[in-house]
Amino acid sequence: MANYDLVVIGTGPGGYVCAIRAAQLGMKVAVVEKNATLGGTCLNVGCMPSKALLHASELFEEAGHSFAKMGIKVSKPEVDLPSMMNFKQQGIDGNTKGVEFLMKKNKIDVLQGKGKILGTGKVQVTAKDGAAQTVETKNIVIATGSDIARLKGIEIDEKRIVSSTGALALDKVPSGLLVVGAGVIGLELGSVWRRLGAKVTVVEFLDRILPGMDLEIAKQFQRILEKQGFAFKLGAKVTGVDTSGATLSATIEPAAGGAPEKIEADVVLVAIGRVPYTDGLGLQEAGVVLDNRGRVQIDHHFATSVPGVYAIGDVVAGPMLAHKAEDEGVACAEILAGQAGHVNYDVIPGVVYTTPEVASVGKTEDELKQAGIAYTVGKFPFTANGRSKVNQTTDGFVKILADAKTDRVLGAHIIGREAGEMIHEAAVLMEFGGSAEDLARTCHAHPTRSEAVKEAALAVGKRAIHM
């Protein structure tokens, strides 16, 4: 028996951050992790390795297509996939070892094995060899994250029919890649393999890509991706994949019904979203209530239906984003320490790490219309931004949405190079209740892409300078 103030089940961005903050606040903390390395999906088979491959494949494409027009002569680049995968693995190892270091630094015990909640104050940890121990704790935080969503009748083998996990570890570049789902994961991983030489077709059940993001941004993004070589079949569904041949044969049907068609591919990537991961946690037996989508139900203080048991991250409602989980982890730890932990769910940025990037924070136009909120729009294209012009990276624009009465910024949406970095000045502004006028009056360095954000804020008041 070991006695703790807090046991966190799961060491993804939500879990390990929650554990660190609790330790900083003086608690005796342990984390439970079923995998050999810490860091969860994000560090091992998600956010981080995908960014390594996105970066490497982007440079490969630039060397092959953009260097010459800048006056840089190089021989035609070749893909050395094993070395690229090694580059990815080095990044994974660096990050997971970093989390290990943080556990030691903050004197957090790491319990290797599968965690199961036995009720208030008790967690059973079962190691791979079957040996089990029970630890006692004042509080438990469920931070087990999410798993891939599966398509009925289509079995993922992680070789030919892959999830995001398998798509990060292909042993050769497929000549044809069929992506099921036009969300963030499908478009990012589709981008990697398209740059490296695959012909990419994306099938999406809805009549648009990037559901939930700003529609105008999504439409322009689709046009850019099509120019890059993506093919889209929207309003369609994959009803089966024949694996008997040398190549896969997928059956595609219109979502509204109609005649099916066949698409051949070497690899099919199923990227239709993620679902909460609660397997083996013993939630039902412990009395932890789930909602109709399998998520752990919590109150405004992250508390579940069982006293002393809390939950954060992908396993609860809200956007399945690592940084949302981190903020919840900090807030939950602070609440357990008697402080006023809080997450502002209106200001959580989202980024698609393609080229160009897509970034968003706050409300979309559709959401404001549905809520009946009068708003003004300021837009500024990168074609009118000096830095983007000289770098010849002018795809995209910045859009600022402000309250028509108060001028308070309610949303910001960017498609363009480095959009994921630029979105944060809008996020900081919104966190402090700032107006478009505040943003427009803030001096921005020249020449930077960020000037487009200032110009979009000026455009809210119909006074952009450079267009």
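Working carefully through the options K128, K116, K105, K97, find the one that is among the charged types (D, E, K, R), touching a strand residue (DSSP E or B) at 6+ places or on another chain (Cβ under 7 Å) and open to solvent by 30 Å² or more (accessible area, probe 1.4 Å).
Checking each option against the conditions leaves just K116.
Could you list, in sequence order, the residues of region 135-150 that are farther than 26 Å from Q90 by Cα and open to solvent by 40 Å² or more (accessible area, probe 1.4 Å)?
E136, K138, R150
Residue pairs, Cβ under 9 Å, 6 or more apart or interchain, first in region 382-393 and free of Cβ contacts under 8 Å to residues at least 12 places away in the same chain and among the charged types (D, E, K, R), second surrounded by fewer than 19 Cβ atoms within 10 Å (Cβ to Cβ) and in a helix (DSSP H, G or I). List them.
That search, which allows pairs on different chains as well, returns K389/T383.
For region 268-308, enumerate the residues that are in contact with a helix residue (DSSP H, G or I) (Cβ under 7 Å, 6 or more places away or on another chain), under 16 Å from G145 (Cα atoms) and not basic (K, R).
P276, Y277, T278, L290, V296, F302
Within the bounds of region 358-373, is there any residue that is open to solvent by less than 20 Å² (accessible area, probe 1.4 Å), over 30 Å from A30 (Cβ atoms) and part of a loop (DSSP other than H, G, I, E, B)?
Within region 358-373, one or more residues are open to solvent by less than 20 Å² (accessible area, probe 1.4 Å), over 30 Å from A30 (Cβ atoms) and part of a loop (DSSP other than H, G, I, E, B).
Where residues in region 256-274 are out of contact with any strand residue (DSSP E or B) (no Cβ under 7 Å at 6 or more places or on another chain) and among the aliphatic types (A, V, I, L, M), which of them is surrounded by the most Cβ atoms within 10 Å (Cβ to Cβ)?
The qualifying residue surrounded by the most Cβ atoms within 10 Å (Cβ to Cβ) is A256.
One residue is enough: does region 274-288 have a residue meeting the conditions on the phi > 0 side of the Ramachandran plot and in contact with a Lys or Arg (Cβ under 9 Å, 6 or more places away or on another chain)?
Yes: one or more hits.
Are there any pairs with C-beta distances below 9 angstrom linking a residue in region 68-79 that is part of a loop (DSSP other than H, G, I, E, B) to a residue that is charged (D, E, K, R) and open to solvent by less than 100 Å² (accessible area, probe 1.4 Å), with the two at least 6 apart or on different chains, and if so which?
P77/E61
What do you reckon, is I348 part of a loop (DSSP other than H, G, I, E, B), under 26 Å from L43 (Cβ atoms), in contact (Cβ under 8 Å) with a residue 12 or more places away in the chain and touching a His at 6+ places or on another chain (Cβ under 9 Å)?
Yes, satisfied.
Within the group D279, D266, which residue is acidic (D, E) and either closer than 20 Å to L210 by Cα or touching a Gly at 6+ places or on another chain (Cβ under 9 Å) (or both)?
One residue alone meets the criteria, D266.
Picking from T393, T383, which residue would you name as being of a type in the set (S, T, N, Q), surrounded by 17 or more Cβ atoms within 10 Å (Cβ to Cβ) and either under 26 Å from the mean Cα position of the chain (by Cα) or not in a loop (DSSP other than H, G, I, E, B) (or both)?
Going through T393, T383 in turn, just one is of a type in the set (S, T, N, Q), surrounded by 17 or more Cβ atoms within 10 Å (Cβ to Cβ) and either under 26 Å from the mean Cα position of the chain (by Cα) or not in a loop (DSSP other than H, G, I, E, B) (or both): T393.
Among residues belonging to region 302-334 that are in a helix (DSSP H, G or I) and aliphatic (A, V, I, L, M), point out the one that is most open to solvent (accessible area, probe 1.4 Å).
Applying the filter and picking the extreme gives V330.
In region 428-444, how many are open to solvent by less than 10 Å² (accessible area, probe 1.4 Å) and in a helix (DSSP H, G or I)?
Within region 428-444, residues that are open to solvent by less than 10 Å² (accessible area, probe 1.4 Å) and in a helix (DSSP H, G or I) number 3.
This table checks each residue for (1) touching a residue at least 40 places away in the same chain (Cβ under 8 Å); (2) more than 22 Å from the chain's Cα centre (by Cα).
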{"residue": "C42", "(1), (2)": "yes, no"}
{"residue": "S50", "(1), (2)": "yes, no"}
{"residue": "G91", "(1), (2)": "yes, no"}
{"residue": "G113", "(1), (2)": "yes, yes"}
{"residue": "K122", "(1), (2)": "no, yes"}
{"residue": "K128", "(1), (2)": "no, yes"}
{"residue": "A131", "(1), (2)": "no, yes"}
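Assess whether H466 counts as being open to solvent by less than 50 Å² (accessible area, probe 1.4 Å), of a type outside the set (S, T, Y), over 19 Å from V347 (Cβ atoms) and not in a helix (DSSP H, G or I).
Criteria not met by H466.
Hey, can you tell me all the residues within region 169-188 that are under 19 Å from L81 (Cα atoms) and open to solvent by 10 Å² or more (accessible area, probe 1.4 Å)?
Hits for region 169-188 are A169, L170, D171, K172, V173, S175, G176, E188.
Listed here are the residues, each with its yes/no results for (1) open to solvent by less than 10 Å² (accessible area, probe 1.4 Å); (2) closer than 18 Å to K116 by Cα; (3) out of contact with any Ser or Thr (no Cβ under 9 Å at 6 or more places or on another chain).
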{"residue": "L6", "(1), (2), (3)": "yes, yes, no"}
{"residue": "I9", "(1), (2), (3)": "yes, yes, no"}
{"residue": "G15", "(1), (2), (3)": "yes, yes, no"}
{"residue": "Q24", "(1), (2), (3)": "no, no, yes"}
{"residue": "A30", "(1), (2), (3)": "yes, yes, no"}
{"residue": "T37", "(1), (2), (3)": "no, no, no"}
{"residue": "T41", "(1), (2), (3)": "no, no, no"}
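Quick test of your reading of the structure: V241 fulfils all but one of (1) within 19 Å of D266 (Cβ to Cβ); (2) at pLDDT below 95. Name the failing condition by number.
Checking V241 against (1) within 19 Å of D266 (Cβ to Cβ); (2) at pLDDT below 95, the one that fails is (2).
The values are calculated or read from the model by the stated rules, or taken from the named source; none is laboratory data. Keep in mind it's a predicted model, so treat the numbers as computed, not measured. Cβ atoms come from the backbone with ideal geometry, glycine included; neighbour counts cover every protein chain shown. In case anyone asks, the SASA skips ligands and DNA or RNA and just uses the protein heavy atoms, side chains included. Shrake-Rupley method; radii C 1.70, N 1.55, O 1.52, S 1.80 Å.
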